[in-house]
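Below is one structure, written out as structure tokens, with a few remarks after it.
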Amino acid sequence: MTHEEHERFQRLITESPFAVLLGFEVVEKTAGRVSLRLPFQEQFLQALGRVHGGAIFALADHASGWAAVTTLPIGYRCATLEMKINYISGVQDEDLIATAEVVHSGRTSIVIESDIKTDAGRLVAKTLATFAVLQPSTKETS
């Protein structure tokens, strides 16, 4: 990805108030594959001092959605239909990186797997998600 493409993609992600709130950063973007970083913040900790599973899930969902978007024709969108997560290891004070990869891109749905790891490469969680492909409305194409 060129510097210009990276900047444009980062801007698209930061247009989401939720992504801004969590501080997602683009690490990598290729067709069918996106990696996003979640910089550690103390606000992400749950009562036992570990990063809350909801923050990890949100990172994986966002990375998965953008991986799906990279496979869509211009004007098409997508939405999460379902997502399953397996938590493997706790995280206390490390940045996380979700790498989401499209494993199937069909006419009506896209299936994405993601790995969520620490910067050091320790596996924290894995997800499997299905996204609905949303065709452009007639208003968008006119």
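Computed from the coordinates by the stated procedures, all read-outs in this text should not be read as laboratory data. All of these numbers come straight from a predicted model, not from anything done at the bench. Cβ: placed from backbone, ideal geometry, glycine included. Neighbour counts: every protein chain shown.
Relative contact order for the chain: what is it in percent, counting Cα pairs under 8 Å that are at least 6 residues apart?
23 percent
Within segment 79-106, which residues have the backbone N less than 16 Å from the label spot 7 Å out from LEU48 along Cα→beta-carbon, could you tell me?
Of the residues in segment 79-106, 86-93 have backbone N under 16 Å from the label point off LEU48.
I need the fraction of alpha carbon pairs in segment 1-88 separated by more than 21 Å, rounded to a whole percent.
33 percent
Report, in degrees rounded to the nearest 10, the 0 to 90 angle that the Cα long axis of helix 53-69 makes with the longest principal axis of the chain.
Between helix and principal axis, roughly 30 degrees.
Could you calculate the contour length gain from VAL111 to SER89, that is, 0.36 nm times the residue separation minus the distance between their Cα atoms, to one decimal place in nm?
5.5 nm
Compute a Gaussian network model of the chain, connecting alpha carbons closer than 10 Å, and tell me which residue from THR30, THR130, THR118 fluctuates the most.
With Cα springs under 10 Å in the chain, the top fluctuation among THR30, THR130, THR118 is at THR30.
How about segment 39-107: which trypsin sites (Lys or Arg not before Pro) there are in a DSSP loop, with at most 11 other Cβ atoms within 10 Å of their Cβ?
ARG107
Measure off 7 Å from each Cα along the Cα-to-Cβ vector at ALA120 and ILE74, then give the distance between these two points in nanometres to one decimal.
Between ALA120 and ILE74, the simple spin-label model gives 4.6 nm.
At a 10 Å Cβ-Cβ cut-off, how would you order LYS126, LYS29, fewest neighbours first?
Going from sparsest to densest Cβ surroundings: LYS126, LYS29.
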